[in-house]
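The values are calculated or read from the model by the stated rules, or taken from the named source; none is laboratory data. As the structure is a computational prediction, the values presented were derived from the model and not from experiment. Every residue, glycine as well, gets a Cβ built from its backbone with ideal geometry; the counts of neighbours run over all protein chains shown.
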Amino acid sequence: MDCIFCKIVEGSIPSRKVYEDEHVYAFEDIQPQAPVHLLVIPKKHIASMNEAEPEDAELLGRVLLAAKKVANDAGLAESGYRLINNIGKDSGQVVFHIHVHVLGGEKLGALNAQPAS
């Protein structure tokens with residue numbers, strides 16, 4: 001499998017880890033879109049939410065709880081933060097390994113999707 005996030009989890013590609021447990025890995029995004037931009041991924045490869053199965057429910061819950069933890073650890077809990085999960089190429093998903101973006105550290109603007117030209 002040629003998944004960059006799987007390679008990050010196995011350690012063959014370096015990352016700036018902020019959290020890890022037996023099911024979840026979180027690290028700093030290399031192209032941050034906010035002062036704090038973290039990615040939280042399951043260690044199990046799931047390409048996107050479209051491929052998630054009922055047996056993945058507990059794992060997906062662990063991903064969300066890890067997102068809460070890393071946001072809190074980054075000092076975002078009081079002021080607020082945004083969680084984003086893009087699904088499919090038209091949504092902007094670039095890496096096809098399910099992941100949650102944790103964005104914060106400043107007042108974030110409204111999500112105003114502009115039609116593609």
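List of remarks:
- Segment 1-41, residues that are within 16 Å of H97 (Cα to Cα) and basic (K, R): K7
- Looking across segment 83-105, the residues that are of a type outside the set (A, V, I, L, M), in a loop (DSSP other than H, G, I, E, B) and either under 19 Å from L60 (Cα atoms) or modelled with pLDDT of 95 or more (or both) come down to N85, N86, G88, Q93, F96, H97, H99, G105.
- First in segment 48-60 and closer than 17 Å to Q93 by Cα, second anywhere and assigned to a helix (DSSP H, G or I), Cβ under 7 Å, 6 or more apart: A52/L60
- Assessment of segment 27-37 against the conditions (aliphatic (A, V, I, L, M) and exposed (fewer than 15 other Cβ atoms within 10 Å of the Cβ)) yields at least one matching residue.
- Within the option set A113, A34, A26, being modelled with pLDDT under 95 and either on the phi > 0 side of the Ramachandran plot or not in a helix (DSSP H, G or I) (or both) holds for one residue only, A113.
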